[in-house]
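As structure tokens, the structure follows; a few thoughts come after it.
The values are calculated or read from the model by the stated rules, or taken from the named source; none is laboratory data. From a predicted model like this one, the values you see are computed outputs, not experimental measurements. Here the Cβ positions follow ideal geometry from the backbone for every residue, glycine too, while neighbour counts run over all protein chains shown. The protein model used for the area step is the full one, side chains on, heavy atoms only, and it has no ligands, DNA or RNA in it. Shrake-Rupley method; radii C 1.70, N 1.55, O 1.52, S 1.80 Å.
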Number of protein chains: 2
Amino acid sequence: MRDVAVIGVGMTKWGELWEKSLRDIFVETALLALEDAGLDRIDSMYVGCMSSGLFIGQEHLSSLLSDYLGKNPVPTTRVESACCSGGLALRQGFIDVASGMSDIVLAGGVEKMTDVNGHEATYALGTAADQEYEGYHGITFPALYAMMANAHMAKYGTTREQLAMVAVKNHENGSKNPLAQYPFKVTVDGVLKSVLVADPLRILDCSPITDGAAAVILCPADMAKKMKKRVVKITGSGQATDSIALSSRKEIAWIESTSVAAQKALAMAGKKVEDIDLFEVHDCFTIAEICITEALGLVKKGQGGKAVEDGLTSLAGKFPVNPSGGLKAKGHPVGATGIAQAVEVVKQLRGEADKRQVKSARTGLTQNMGGTGGSSVVHIFEAE
Amino acid sequence: MRDVAVIGVGMTKWGELWEKSLRDIFVETALLALEDAGLDRIDSMYVGCMSSGLFIGQEHLSSLLSDYLGKNPVPTTRVESACCSGGLALRQGFIDVASGMSDIVLAGGVEKMTDVNGHEATYALGTAADQEYEGYHGITFPALYAMMANAHMAKYGTTREQLAMVAVKNHENGSKNPLAQYPFKVTVDGVLKSVLVADPLRILDCSPITDGAAAVILCPADMAKKMKKRVVKITGSGQATDSIALSSRKEIAWIESTSVAAQKALAMAGKKVEDIDLFEVHDCFTIAEICITEALGLVKKGQGGKAVEDGLTSLAGKFPVNPSGGLKAKGHPVGATGIAQAVEVVKQLRGEADKRQVKSARTGLTQNMGGTGGSSVVHIFEAE
């Protein structure tokens, strides 16, 4: 297998982009990534998208997007694993370059979620749960994560305030990210007084509904070394699955697929989690980030709430988690999220993250997951 | 890149399987493929499915299916490119093994289409067209292919009877396939008198709505040589895209993406199309097979109608096309079709195709496509 590097990244401001269609926002970011790479060539393309069928009535997505990008007849493939779709597009691009099948690969992600009403969006997102055993009974994603939060609080004494501190931290970081959907700060009190969605989760515990896209350009590391930018290699890729129904898991408040994926990715990179300088993780709800910090091994099981309270995961902490603002502040266009995490890590490792820059960052990790952890993918990035 | 072989194939009878859910039919075929391979191990899995979101309200599909197969936490990824989804799952599996990332990969395809009513199925299939420029105006897939048929008839003198002969040939072959949804024979007169769907296409020109799945097991060719079955290698893989909107094509009655994909696959295999002993192609409508025989280079442009009339593509002809019965007789569960083509070719190259066996077959080609040719993928198979 060949070594693989990221040579271009692209992302535009996320939000409720009613004046643009899915194809518009994807092509904008893809062109930015190509411009960043200084190239106008791709050999193949992967697109992560969860549910363009339900959100905008469009399948057959990757051919449509490469057409609007002016790149047909290049091979293009959409991959889907709910909110993990973007991370899997990155992984398929990585395998494509590593195999020798393609030299220059665009891995992108996109979701257009605000063209339907809230009920329809909730239904579409609910298709990431087990339709026959969860969806059929009317459960929604905030409710599933609320059960995880209640279990975590009951088992480990995690507090309602600690959940809120995840939102406070990520909005603090997000306030320094001009591309974030909600670049404002929030307070613990503000989170606790926000509207209740699914007890104990309130609206400010939840990531938003977002239109957005992101793209990266991959190539063999040897080729990247001839280019002008600092070379950022992908040195580890790990993917794992679990039952998508919470009821089938051994532990409700533990994300096994992330644990397995992280171990695989770190082993491939020859790294320990302590070697990593920053983390972009899937904080679709505040409780999710707490569980993820445990599954990645940043802290012991049950200590994720204390970690955020102690500042361990803040921008200046030992393990900076979600310097971009995370899904919470940056937004969560589900298929795009995994790619946007890679965009942030590459910017950080190049020293291009402005006010949210993690000092002297040389290594980064992305963790993207589907549903309540039915699928997870972890990548390790290293600056040369 | 490592050489890749197919060491197991699985498929069950296709049809209106109201007593089974999507997960049931997928797992049945996956287990058959594992049994055929003599293994109970997979390192990763790819699932081709076009629109489980619209058909059964379920995304996050690959994790669900590997869970029901008892294979979590293995990495599993769903790929989508409309009716080309199965072929792309095969290609991603091929790249995964070739790269060295995984040794034993299950590539499967599935679609459950008959749990919704006809209007909903027509809408879901229509999402393979350009929603903003085709779907918005109410066009359906039979109508799009009817335009291609009219253009072909006007430009090349292709006759209504020649279209019917494709159905006659494929149902003749399908009558010898116990897994086919419609294993009966039809006559030219029967096709011409069947219900009009979109002029000039009649119901017997159209592939059916189908529930079905199929699976293959891939591994490095070196590993395959140690097993008992005849080794069938995948020696070429080509994928290409085109505008998914017919209105954006240079020629309405020519499938450019198939032409490009076939040239790539044949070049990779070091073969000419004349070297291939049998072809499984995407006859979603009778006109499609006529266009595909031209795009593959079996005959010159415009000669596809004459080819079927002359018997060139019949089971005993120079270029046997769709010995399985094709989409027309076997059925067309869209995400599964590309994998089922591979199942048939492997059975043929192993000499296991019973009454529809192509004599002394050593090489085979599969051609799977999305929409009206917005995406195409071609694979070359060779028996050792």
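Evaluate the following for A:Ser44: is it touching a residue at least 60 places away in the same chain (Cβ under 8 Å), at the interface with chain B (Cβ under 9 Å from one of its Cβ atoms) and touching a strand residue (DSSP E or B) at 6+ places or on another chain (Cβ under 6 Å)? Considered against the rule, which asks whether it is touching a residue at least 60 places away in the same chain (Cβ under 8 Å), at the interface with chain B (Cβ under 9 Å from one of its Cβ atoms) and touching a strand residue (DSSP E or B) at 6+ places or on another chain (Cβ under 6 Å), A:Ser44 comes out as yes. When you look at B:Gly302, is it in a loop (DSSP other than H, G, I, E, B), in the same structural domain as B:His152 (by TED's automatic domain parsing) and in contact (Cβ under 8 Å) with a residue 24 or more places away in the chain, yes or no? Yes; evaluated as a whole, the condition is true for this residue. If you go through the range B:28-51 and keep only what is open to solvent by 20 Å² or more (accessible area, probe 1.4 Å) and part of a helix (DSSP H, G or I), you end up with B:Glu28, B:Leu31, B:Leu32, B:Glu35, B:Asp36. In the range A:358-378 there is at least one residue matching the filter, namely being touching a Pro at 6+ places or on another chain (Cβ under 7 Å), farther than 18 Å from A:Ala167 by Cα and outside any strand (DSSP E or B).
Scanning the range B:249-289 for residues that are in contact (Cβ under 8 Å) with a residue 60 or more places away in the chain and part of a helix (DSSP H, G or I) yields a total of 17. Annotation: of all residues in the range A:220-235 being surrounded by fewer than 24 Cβ atoms within 10 Å (Cβ to Cβ) and part of a strand (DSSP E or B), the one that is farthest from the other protein chains (Cβ to nearest Cβ) is A:Lys233. Selection of the range A:10-55 for residues being of a type in the set (D, E, K, R) and within 27 Å of B:Ala261 (Cβ to Cβ) yields A:Arg23, A:Asp40, A:Arg41, A:Asp43. Criterion applied to B:Gly70, B:Gly86 was being open to solvent by 10 Å² or more (accessible area, probe 1.4 Å), more than 13 Å from A:Arg78 (Cβ to Cβ), at pLDDT 95 or above and more than 7 Å from chain A (Cβ to nearest Cβ), and the one residue passing it is B:Gly70. Is the range B:267-274 home to any residue that is open to solvent by 30 Å² or more (accessible area, probe 1.4 Å), of a type in the set (Lys, Arg) and within 17 Å of B:Val345 (Cα to Cα)? Yes, the range B:267-274 has at least one match. Considering the range A:1-16 alone, what residues qualify as being surrounded by 23 or more Cβ atoms within 10 Å (Cβ to Cβ) and either part of a loop (DSSP other than H, G, I, E, B) or modelled with pLDDT under 95 (or both)? A:Trp14 - this is the single residue of the range A:1-16 that is surrounded by 23 or more Cβ atoms within 10 Å (Cβ to Cβ) and either part of a loop (DSSP other than H, G, I, E, B) or modelled with pLDDT under 95 (or both). Residues in the range A:180-201 that are more than 29 Å from A:Ala213 (Cα to Cα) and open to solvent by less than 40 Å² (accessible area, probe 1.4 Å): A:Gly190, A:Pro200.
Based on this model, can you work out whether B:Val166 counts as touching a helix residue (DSSP H, G or I) at 6+ places or on another chain (Cβ under 6 Å), over 24 Å from A:Val378 (Cβ atoms), away from chain A (no Cβ under 14 Å) and in contact (Cβ under 8 Å) with a residue 40 or more places away in the chain? Taking the combined requirement at face value, the residue satisfies it. Checked against the criterion of being charged (D, E, K, R), in contact with a strand residue (DSSP E or B) (Cβ under 8 Å, 6 or more places away or on another chain) and within 14 Å of chain A (Cβ to nearest Cβ), the candidates B:Asp242, B:Asp205 yield just one match: B:Asp242.
Listed here are the residues, each with its yes/no results for (1) open to solvent by less than 50 Å² (accessible area, probe 1.4 Å); (2) over 26 Å from A:Arg249 (Cα atoms); (3) assigned to a strand (DSSP E or B).
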residue	(1), (2), (3)
A:Val79	yes, no, yes
A:Gly93	yes, yes, no
A:Thr114	yes, yes, no
A:Ala128	yes, no, no
A:Leu144	yes, no, no
A:Met147	no, no, no
A:His152	yes, no, no
A:Lys155	no, no, no
A:Ala167	yes, yes, no
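Of all the numbered requirements in (1) in contact with a Gly (Cβ under 7 Å, 6 or more places away or on another chain); (2) open to solvent by 10 Å² or more (accessible area, probe 1.4 Å), A:Glu352 misses one, and that requirement is (1). Evaluated against (1) within 17 Å of A:Cys284 (Cβ to Cβ); (2) of a type outside the set (Ser, Thr, Tyr); (3) in the same structural domain as A:Leu88 (by TED's automatic domain parsing), A:Val216 falls short on exactly one condition, (1).
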